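One structure below.
The values are calculated or read from the model by the stated rules, or taken from the named source; none is laboratory data. What you see is a predicted model, and the numbers here were worked out from it, not measured in a lab. Note: ideal-geometry Cβ built from the backbone for every residue, glycine included; neighbour counts use all protein chains shown. To get the accessible areas, we keep the full protein, side chains included, count just its heavy atoms, and leave off ligands, DNA and RNA. Shrake-Rupley method; radii C 1.70, N 1.55, O 1.52, S 1.80 Å.
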Amino acid sequence: MRIVLLGAPGSGKGTQAKKLMADRNIPQISSGDMLREAAAAGTPLGQKAKAIIDSGHLISDDIVLGIISERLGQPDAADGFILDGFPRTEQQALDLEKLLDQLGTSLDAAILLDVDFEVLMKRLTGRRTCSLTGRLLNIHFSSQEELDACTNAGGELIQREDDNEETITSRLDVYHTQTEPLIDFYRGRGTLKTVDATGGADAVYERLLEALQEG
Ligand code: AMP
């Protein structure tokens, strides 16, 4: 299975990719995670990336392509992958096609996780990660027990630095102008599948599996 997860920040790409990865034993390839790792490592590339990520804008296509092409060339991606957060521009989508062509393969589907703006805002402003378990939580949607389980065990609820309101507004704006056109791009390729991504993660996952089965 070679798929791209499309959708606005907060649409649940990471959450759904992790579920699929566990189920199907294929890697989640998240450009955002890889860029954050580079930023945390403090490499020159990482330092540059951090400033851009914190502003909510996009890293340049050639840098992201370099990271993704290296990752797709690794053995665990040979039998399938879930791309999460890449491509984000039409140029990246074209680059991906070329890259897969060189690897002798192609995408099976581009899955759009479709969510209303108000839900996106709540998901992004409320998103937290438990510092102990890495579990994704949300102060608006997770139960008090789930939140307490983290803090009572001595964990902290960490907010991503780019999940502040100013950066979120910029990320949603960037999504609208640069990434949304990919919906038509993949519709034109005949590979687009749209999934209603409102509601809980398990319900969305059921819909995602149904969409994948439609062939
Ligand atoms: P994400 O975790 O997918 O929301 O990505 C966080 C940030 O990383 C984005 O706001 C961008 O600054 C950067 N980023 C992630 N993926 C890409 C991409 N495919 N192209 C350019 N920038 C990206």
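Data for the structure
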item: In segment 179-200, the residues that are open to solvent by 40 Å² or more (accessible area, probe 1.4 Å) and not acidic (Asp, Glu); result: Pro181, Arg187, Gly188, Arg189, Gly190, Thr194, Thr198, Gly199, Gly200
item: Filter pass, Val204 being farther than 19 Å from Leu137 by Cβ and surrounded by 15 or more Cβ atoms within 10 Å (Cβ to Cβ); result: no
item: In segment 182-199, the residues that are under 17 Å from the mean Cα position of the chain (by Cα) and outside any helix (DSSP H, G or I); result: Leu192, Lys193, Thr194, Val195, Asp196, Ala197, Thr198
item: Segment 157-215, residues that are modelled with pLDDT under 95, among the acidic types (Asp, Glu) and closer than 18 Å to Ile3 by Cβ; result: Glu214
item: Scope segment 33-89; condition within 8 Å of the ligand (Cβ to nearest atom) and of a type in the set (Phe, Trp, Tyr); matching residues; result: Phe86
item: Some residue of segment 30-52 being in a loop (DSSP other than H, G, I, E, B), closer than 23 Å to Gln178 by Cα, of a type in the set (S, T, N, Q) and open to solvent by less than 70 Å² (accessible area, probe 1.4 Å); result: no
item: Search result, residues across segment 12-32 that are in contact with a helix residue (DSSP H, G or I) (Cβ under 7 Å, 6 or more places away or on another chain) and within 11 Å of the ligand (Cβ to nearest atom); result: Ile29, Ser30, Ser31
item: Any pair with Cβ under 7 angstrom, 6 or more apart, that starts in segment 177-192 at a residue that is under 11 Å from Ala93 (Cα atoms) and ends at one that is exposed (fewer than 12 other Cβ atoms within 10 Å of the Cβ) and of a type outside the set (A, V, I, L, M); result: none
